[in-house]
Structures are given as C-alpha cells and as structure tokens.
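What follows is a short report on a single structure.
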Amino acid sequence: METFNSKLPDTQESIFAVMSKKAVEFGSVNLAQGFPDFDPDPKLIDVLSYYAKQHKNQYAPMPGVQELREAIANKHLNCQSVNYCPNSEITVTAGATQAISTAISTLISKDDEVIVFEPIYDAYEPLIQLNGGKVIPITLETTEFSINWSKVADAISDKTRAILINTPHNPCGTMLTQDDLNELAKIIKGKKVYIISDEVYEHITFDKKQHLSVSTHPELKEKAFVISSFGKTLHITGWKVGYCLAPKELTAEFRKAHQFIVYSVNTPAQYAIADILQNEESYLSVGKFYQEKRDTLTAKLLGTNFKFKPAKSTYFQLIDYSHLNYDDGLSLTDFLVENKSISLIPLEPFYKISRAPKFVRICFAKNNTTLQTGISNLIDL
C-alpha cells in the first residue's frame, strides 16, 4: 500500500480529546476539556426554537446575518469603545478556530513565518503548517507568563508575516496590558507584519480587571484580525458561532477564503444570539459568574500543598505540583484520571521549544457539584 504523504506528520490527537476520553473510560470528573457542563440561558434556547419555527433554516448571508453583525458592532463599541462597520468589517464564522484558520489562510503562504507564544493553544501550529508557514515560538516568562518584547523584536525577520497572540490567555489566565500593546505596535511599525488576536475569553475577566482588545490601539487595529466567539461567553460551545473583526481591506481578503471554507454559519443560531445580545447583561455578567467559580476552586486549594496565583481571566486555573514526585504533568494527569477520579490537562502539549513548568490546568466551567467533587478528589494529594 502506498504511504500517504501527511501534511501534519507529527500531529496527534488533541490532549483535550485524550483526557476527556480517559475521563469517560475511568469514570472520572472531567475538569480537563474547556466546556461548561451546564445549559445556557433558557431564553437563548427559546429564541433558537422560535427562529427555527420562523423558517430561518436556510443559508445565511456569507458574512453573517445583518442583525448579528450589528449586535457584534454594538457590543464591541460598548466594551472597547471601538467602531467596526457591520457591513464591511465584521464576519460571522463557524467558531473562533475557523476564524483563526481563515485568517491564517488569508495571510500565510509557503515559508512565511508566524510568531506565536508558548504555552500555545494546540490549534495554532498545525493551521500555520497546513498553509506552508513556519512557526516561530517564543516562550512566555514563567513567573508571570508575560511576553519579553525584546525577544519578539529579535525574532522578526524579512519572512515574518504575522504575530498570533491570545488575550485573555489559555491556559495561563493572563491579559495583555496597554504597555504590551504599545510595545507590539513599536515592533511592527513600518513592517508588513499583521496581527491575529484570539480574544475568545474577552468577557471572562476577574477582580475588576478589564480585557483590552488589540483593536483599542489605532496602529494595531489597522493590521489586526480580532477574533472571538460566543461559545465561551454564552455557554454554547457546541453552537460554533464566532466572528472576525478587521479593517475593510483585510475583511475583503478574509471573506474570499471564508466563502469557500464555510460560506455561511448556522442561521437560527445567529438570529438567536443577535436577540440575546440586546440585553448587555448577557455578556457583561459572565465575568462575575465565573469569578464565583474560580473563588470556590481556589478556596478549596488553599488548604493543600498546591501553589497557585488566582487566574486573572478565562475559566482555567493553573496549579503548581512541584511538591509532588512527578517528572512531568503527563504522568501526573494519567495518575489522577486513573486513580483519583479527576481529569486535568498537563502543560507539556502547550510547549514546543521549552520544558513545560510544573503546572497542570483545571477547567472550572462546571456546575458546583462537579467542581466540588473534582477538587475533593485532588486535595488529599
């Protein structure tokens, strides 16, 4: 049999899928994969049903239904004080990963370089490779998981086409600051380098800290694809509805690829989300909702030997297991899922060039019973 020439020869099954399968196999509490185990607002389910019954079941317009694009524009203006035109600068996508994939396809050709930051979300590297690009990883500073901008400046070459950032950051729960955006703008000034900014956790921030979108910096906005999703904000990861914000010229190029990758996105879901966004509390309240869950988790961990800094954002908490006799997170998480009935995520798959620090990731986007049971299985280590 002829050997298949794989475009991703080193890519294996996602660690999130692996640990979720093991959770099922061993009957463990799944605090690994980043999805809620509770339902969204019943009103959202009701309006989804309403629009399905109103015959909104055929192809939506390629850029997304007008009502949703206008709602996204209003939401972004409300939260970031930045305007995007619903008609020419906002595109509805089949989740954030599709938007990231499309932005990469729009920008990257063979041998183009893309700077990424590790720990890195596992989708970024293969999407870059599929387009013939080369990943240039830079390791975040371990103590605060911050970006060393001098390393970024040194990594820029005449082949650099894009910098892919993630803020708020999965798995670290950190956020870029105004100083970070200023440094980034200085580095790419006068260069043909674009920004892909993954901002899917934009509304899940804690302790009165606010997410600062790349779009708030005028120089960065002109060169950025800003990407987000409703899956995390509205607890509907399975609906796969996201969006991309970009200047008119970049959006025109993005849509050239988008129309042939997906063309259009779930029609009744778009109308339902547009409806629910009319109530700004649907997205403004999610930070408080998840902060209560983070605080429940960290309060339980205070009585253990695990070290941690409470996450500033996202619905993930990193905990330091260096007091335990494990060489790496993979061996620890395997032990936990098989013997302690709890499934977590190791950090090793997030690293490409550096050794992962001794942290594991806990997802606290779970109902309180699930969360309490999972942590009770962990605290006696």
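Where a number appears in this text, it was derived from the coordinates with a stated rule and is not lab data. Here the structure is a predicted model, which means the values were calculated and not measured. All Cβ positions, even for glycine, are placed from backbone atoms using ideal geometry, and neighbour counts span all protein chains on display.
Kindly work out what percent of the DSSP beta bridges joining two residues of the chain are antiparallel, to the nearest 5. List each step's numbers first, then the result.
Numbers: 18 of 38 bridges.
Approximately 45 percent, going by the DSSP bridge assignments.
Which value in deg cm²/dmol, rounded to the nearest 500, describes the helix-derived mean residue ellipticity at 222 nm for the chain, given -39,500 (n - 2.57) per DSSP H run of n ≥ 4 and division by the residue count? Numbers along the way, then the final one.
Values: 15 runs with 149 residues, N = 381.
Result for the chain: -11500 deg cm²/dmol, rounded to the nearest 500.
One chain, two ends: ASN5 and GLN58. Fully extended at 0.36 nm per residue, the span grows by 15.3 nm beyond their Cα-Cα distance. Cα extents for the chain along the principal axes, largest to smallest and rounded to whole angstrom: 57, 55, 53.
With Cβ to Cβ distances under 14 Å as the rule, what net charge do the other residues near GLY27 carry (K, R +1; D, E -1)?
Details: positive: LYS21, LYS22, LYS340; negative: GLU25, GLU338.
Summing Lys and Arg as +1 and Asp and Glu as -1 gives +1.
Each of PHE225, PHE289, PHE117 was scored by other Cβ atoms within 10 Å of its Cβ. Arranged with the fewest first, they read PHE289, PHE117, PHE225. Qualifying trypsin sites (Lys or Arg not before Pro) in segment 1-89, where qualification requires a DSSP coil assignment and no more than 11 other C-beta atoms within 10 Å, comprise LYS7. Applied to segment 138-155, the Karplus parametrisation 6.51 cos²θ - 1.76 cosθ + 1.60 on θ = phi - 60° returns per-residue 3J(HN,Hα) values of 10, 7, 5, 5, 5, 5, 10, 6, 9, 8, 8, 6, 5, 5, 5, 4, 5, 7 Hz, with x for Gly and Pro. Taken over segment 165-211, the alpha-carbon convex hull comes to 76 cubic angstrom per residue. When all alpha-carbon pairs of segment 1-104 are counted, what percent fall beyond 15 Å? Cα-Cα pairs of segment 1-104 separated by over 15 Å account for 80 percent. As a ratio to 2.2 N^0.38 Å, the alpha-carbon radius of gyration for segment 176-237 is 1.23.
Given a Förster distance of 35 Å, report the FRET efficiency between PHE289 and LYS134 from their Cβ-Cβ distance, rounded to the nearest 0.05. Can you show the working numbers first?
Working: r = 40 Å, r/R0 = 1.15.
Between PHE289 and LYS134 the formula returns 0.30.
Note on VAL24, VAL18: ascending count of other Cβ atoms within 10 Å places them as VAL24, VAL18, the fewest first.
Efficiency by 1/(1 + (r/R0)^6): what FRET value for GLN259 and LEU381, r their Cβ-Cβ distance, R0 = 41 Å, to the nearest 0.05? With R0 = 41 Å, the Cβ-Cβ based efficiency is 0.20.
Structure shown: which of LYS189/LYS288; LYS22/LYS307; LYS7/LYS309; LYS7/LYS340 lie over 30 Å apart, alpha-carbon to alpha-carbon?
Details: LYS189/LYS288 37 Å; LYS22/LYS307 26 Å; LYS7/LYS309 39 Å; LYS7/LYS340 38 Å.
Over 30 Å apart, Cα to Cα: LYS189/LYS288; LYS7/LYS309; LYS7/LYS340.
For the peptides 195-201, 337-343, 239-245, the ranking by packing is 195-201, 239-245, 337-343, with the highest mean count of neighbouring Cβ atoms within 10 Å listed first. For LYS56, the aspartates and glutamates whose Cα falls under 17 Å of its own Cα, not counting residues fewer than eight places away in the same chain, are ASP46, GLU67, ASP275.
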